[in-house]
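The values are calculated or read from the model by the stated rules, or taken from the named source; none is laboratory data. Predicted, not measured: the structure shown is a model, and the values here were computed from it. As a convention, Cβ positions derive from the backbone with ideal geometry for all residues, glycine included, and neighbour counts pool all protein chains shown. These area figures cover heavy atoms from the full protein model, side chains too; ligands, DNA and RNA do not enter into them. Shrake-Rupley method; radii C 1.70, N 1.55, O 1.52, S 1.80 Å.
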Amino acid sequence: MNQQKELENRLRLSPEMFLRKIPTSPEENIAFRLSLHQYLTTAGRQARNDFVEMCRLKPQITFKTMLWTFQPKRNIVPYGILPFITWDWQDEEIEIINKYMLEGGKLQRRKSREIGITWIVGGCGLNLWLFTPKTSGLMVSRKEDVVDKKGDPDSLFWKLDFMIKNLPDWCRPEYIRTDKHIENKWNGNVIDGE
């Protein structure tokens, strides 16, 4: 079966089945991403809409097929720009965080360093910003510089900027970016910071 036919068949799966079939080794995942987005770039609008709906329903698909993360510390392997391939426990966290972002309520998480929770929260917010109409989000930290400091990979908005910049071309919207504010011009969604 050729690669295009295989991708067409995968896109007919339920979001849960599609998610299970995403490769998790970095090399295979990158190859899958390239072929998937090459296909979606040339496929009709319906194929892209079907894929977007899967991402909306199962945000882990967005992480594992579109988002990248950055590990700036050279003493941690792997280092550099990496495909965001979530672990099982992160997939569970994404479900919980996404539910609270959609339905509201108070959610607190204890976090240790280097486990990706900040990236996960940002990615969940970004997924809603991209694919869920009439959405607004708020990124908050106890220190203003941690929210939005230009050029600082530790700041929340730097992580959002990085993820947006590395989205596939076909789904990267036009947007307005000012201090502590990102507005999606395609759907009017915003993420603010304080």
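Within segment 22-61, count every residue that is under 10 Å from I85 (Cα atoms) and touching a helix residue (DSSP H, G or I) at 6+ places or on another chain (Cβ under 6 Å).
4
On the basis of being surrounded by 15 or more Cβ atoms within 10 Å (Cβ to Cβ), acidic (D, E) and out of contact with any His (no Cβ under 8 Å at 6 or more places or on another chain), does D161 make the cut?
Considered against the rule, which asks whether it is surrounded by 15 or more Cβ atoms within 10 Å (Cβ to Cβ), acidic (D, E) and out of contact with any His (no Cβ under 8 Å at 6 or more places or on another chain), D161 comes out as yes.
What residue, among those in segment 41-99 that are modelled with pLDDT of 95 or more, touching a strand residue (DSSP E or B) at 6+ places or on another chain (Cβ under 8 Å) and of a type in the set (F, W, Y), is least open to solvent (accessible area, probe 1.4 Å)?
Of everything passing the filter in segment 41-99, F84 is least open to solvent (accessible area, probe 1.4 Å).
Could you tell me which of the residues I117, I176, I191 is β-branched (V, I, T), at pLDDT 95 or above and surrounded by fewer than 17 Cβ atoms within 10 Å (Cβ to Cβ)?
When all the criteria are applied, what remains is I176.
Give the residue that is farthest from D91 (Cα to Cα), with candidates limited to residues of segment 9-23 that are assigned to a helix (DSSP H, G or I) and open to solvent by 40 Å² or more (accessible area, probe 1.4 Å).
So, considering only residues that are assigned to a helix (DSSP H, G or I) and open to solvent by 40 Å² or more (accessible area, probe 1.4 Å), the one farthest from D91 (Cα to Cα) is N9.
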